[in-house]
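Here's the structure we're looking at; comments come further down.
Derivation of every value follows stated rules applied to the coordinates shown; laboratory data play no part. Not measured: the values here are computed from a predicted model. Using ideal geometry, Cβ is built from the backbone for each residue, glycine included, and neighbour counts are taken over all protein chains shown.
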Amino acid sequence: MNTQNIKTIFSKELKSYFNSPIAYIVMIVFMAISGFLFTMSFFQINIASMREFFGSFFIQLVLFVVFIPAITMRSFSEEKKQGTLELLLTKPVTDLELILGKYLSALTLIVITLSPTILYFIIIKMIGPIPFWPFLTSLLGYILMSAFFYRRWRVYFITYRKPDYCIYSKCAYLSVLFPFRKITYCIPSFGSFIF
Amino acid sequence: MSIKVTNLTKYYGSYLAVDDITFEAKKGEILGFLGPNGAGKSTTMKIITTYLPPTAGTVEVDGFDVEEKSLDVRKKLGYLPELNPLYYDMTPVEYLDFVAKLDGVPASDIKKRREEMIKVCGLESVRTKDIGTLSKGFKQRVGLAQAMINNPDVLILDEPTSGLDPNQIIEIRNLIKKLGREKTVILSTHILSEVTATCNRVIIINKGKIVADGTPEELQHKSKGQSVVTLEVKNNCDKSALSGSLKEIRNVNKVEFVKDTGDSFVFNIYGDKGADLREVISGKVTQNKAVLLSMQAKQSSLEDIFRELTK
């Protein structure tokens, strides 16, 4: 495995996210919606905790069903549509290098998007006692969950040529199944099976 | 630096795209792939460039099998696909640097190679513009620059001159000819004049099968068409007597009166293949006391051969 190739693909992908408005729009929309939802319930409950952020069904829905597909869509379907996949697959790059490069760049974008939540933590810390480790593990959980959903979405996008068709079908599918996600608490492996 | 295709067959589902073709391309050869739409040109190219796996048969590039040693094959290749793959949000400079890095061009050489390609392909004026905003001709040139940036031993170009203006076409053809001296080049096209202008070998494929293989001259020779002589005489002679006596010549199959231009008659005389009728015709013309104005023997062109073979 050639790390130089992974680096080349990684930086090209990350650059293309930030070259187009999509990364900015998605990040701003996510921060606005999640911020709104979080502060609403935060002040109602009146406890110095971020449980309402990391446990919120709607924030998860926005992140996993809207945000992740929006960035996944670019990474393979667009390449297929533009014909650039043919370019990448006829260059001396292995499939693993290509996928890892794209995967790591998407993960980086997710980390960048979720990193402003540290601000929430700092502000809450100023006004009340909030333990650090549960916050960090929750954030890590979100990142890992996003990585998992990125992979799931990619399988969908890679099999379809038209990104918009599969986004509708998969959205409908996930929205129906999402409320039942609590099942995964009892049978963890079931989660990866249905999503 | 040879390409060896042996008994290559490719099915798309139940559709047979390439049917048991075998050919070889050597160093210094510019091989033209000709064929009507859907003949299997692009499919063959995609298999050579490791993008698609063959259903049966083998393809070797410089001794490396495309399936087993695909990475080694890719290192030797420069490929311009039919659907020119470009990232529209990059500038030509960024794009060429990206491709050069992927191709494994050493970091110290990237700038040199890129500048060379920009010069060769005439991209100087658009180097910092987004590729998405460029015209089709410029996009095509960026694609060509991309294919050649790693100085490959084997160049595969799928319709390299589509979308270019006549001046650019000539430039690109000259470039391909120059490169072809020390590389192996395969190019596909449906512009027949391009083949005679650039290629030193032609393969015509139709419905997945090779129907002709040889130099453009050889193919013209092989054609089973007939020879045609266009004759123009002054109109002070007896038209029907002349055409009657022309018909008597051995090897002449048909004499056709084309038109009366006002002061001359024009005839088309169809004869057997390979027969040079001009001498006998001029004899007959003087026999009939007609005044010969012009006479032209038409060779069967590559176009005729193409139509004959792919009908």
key: Local net charge near B:R250, Cβ-Cβ under 15 Å (Lys/Arg +1, Asp/Glu -1)   = +1
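Rank by packing, highest mean first: peptides B:210-216, B:286-292, with packing defined as the count of other Cβ atoms within 10 Å averaged across residues.
On the way: B:210-216: 17.0, B:286-292: 13.7.
Going by the mean number of other Cβ atoms within 10 Å, highest first, we get B:210-216, B:286-292.
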query = How much length is gained on full extension from B:K239 to B:K254, taking 0.36 nm per residue of separation minus their Cα-Cα distance?
reply = 3.9 nm
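Other chains' Cβ within 10 Å of B:101-114 residues: what's the mean? Write out the running numbers ahead of the final one.
Numbers: counts 8, 12, 3, 7, 0, 0, 1, 0, 0, 0, 0, 0, 0, 0.
So the per-residue partner count for this stretch is 2.
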inquiry  = How high is the relative contact order of region B:3-222? Use alpha-carbon pairs under 8 Å, at least six apart in sequence, and give a whole percent.
reply    = 30 percent
ask   = In straight Cα distance, which aspartates and glutamates are under 16 Å from B:K259, not counting same-chain residues fewer than 8 positions off?
value = B:E232, B:D238
key: Whichever lysines have a C-alpha closer than 18 Å to that of B:K27, once near sequence neighbours (fewer than 8 apart) are set aside   = B:K4, B:K75, B:K76, B:K177, B:K178, B:K183
remark   = Most exposed first, judged by fewest Cβ atoms within 10 angstrom, A:T108, B:T184, B:T189 run A:T108, B:T189, B:T184
ask   = Once the Cβ-Cβ distance between B:D20 and B:K69 is put in as r, and R0 is 25 Å, what FRET efficiency do you end up with, to the nearest 0.05?
value = 0.60
inquiry  = In Å, what Kirkwood hydrodynamic radius results for region A:51-138 from the alpha-carbon pair distances?
reply    = 15.8 Å
query = What does the convex hull of the Cα atoms come to per residue for region B:190-311, in Å³?
reply = 121 Å³
task = Note down the nm distance, to one decimal, between modelled labels 7 Å out along Cα→Cβ at B:L292 and at A:W133.
result = 10.8 nm
remark   = Residue by residue through region B:229-235, the couplings from Karplus 6.51 cos²θ - 1.76 cosθ + 1.60 with θ = phi - 60°, in Hz, x for Gly and Pro, are 10, 9, 10, 10, 10, 5, 8
ask   = Averaged over peptide A:78-90, how many Cβ atoms belonging to another chain are found within 10 Å of each residue's Cβ?
value = 6
key: Rounded tilt (10° steps) of B:107-120 against the dominant C-alpha axis of chain B   = 20 degrees
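I'd like the GluC sites (Glu not before Pro) in region B:59-157 restricted to DSSP loop residues with at most 14 other Cβ atoms within 10 Å, sorted by number.
Those satisfying the criteria are B:E67, B:E68.
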query = Roughly how many nanometres apart are two label points built 7 Å out from the Cα toward the Cβ at B:K247 and B:T128?
reply = 7.6 nm
query = What ratio of Cα Rg to 2.2 N^0.38 Å holds for chain B?
reply = 1.29
note = region B:128-196 and region B:12-82 have their Cα centres apart by a whole-number Å value of 18 Å
ask   = What nm value, rounded to one decimal, do you get for the distance between B:E303 and A:I118 when each label is placed 7 Å out toward the C-beta?
value = 7.0 nm
request  = With springs only between Cα atoms under 10 Å apart, run a GNM on chain B and tell me which of B:R141, B:R201, B:R181 wobbles the most.
outcome  = B:R181
query = Per the helix-only calculation at 222 nm, which mean residue ellipticity applies to the protein assembly as shown, given -39500 (n - 2.57) for every DSSP H run of n ≥ 4 and division by its residues, nearest 500 deg cm²/dmol?
reply = -15500 deg cm²/dmol
message = Using a Cα-Cα cut-off of under 18 Å, which aspartates and glutamates could be cross-linked to B:K136, ignoring same-chain neighbours fewer than 8 residues away?
response = B:E82, B:D89, B:E124, B:D158, B:E159, B:D165, B:E171
query = So if R0 is 22 Å, what FRET efficiency would B:N37 and B:K273 give, r being the distance between their Cβ atoms, rounded to the nearest 0.05?
reply = 0.15
query = Which whole-percent values make up P(r) of the protein assembly as shown when all C-alpha to C-alpha distances are grouped in 20 Å steps starting at zero?
reply = 19, 37, 26, 13, 5, 1, 0
note = Inverse of <1/r> over all distinct C-alpha pairs of region B:240-311, i.e. the Kirkwood Rh in Å, gives 13.6 Å
request  = Mind listing the long-range amide H neighbours of B:S2? Cut-off is under 5 Å, sequence gap 5 or more, other chains count too, H placed in the peptide plane at 1.01 Å from N.
outcome  = B:D62, B:G63
message = Give me A:V29, B:V280 sorted ascending by neighbouring Cβ count inside 10 Å, so fewest comes first.
response = A:V29, B:V280
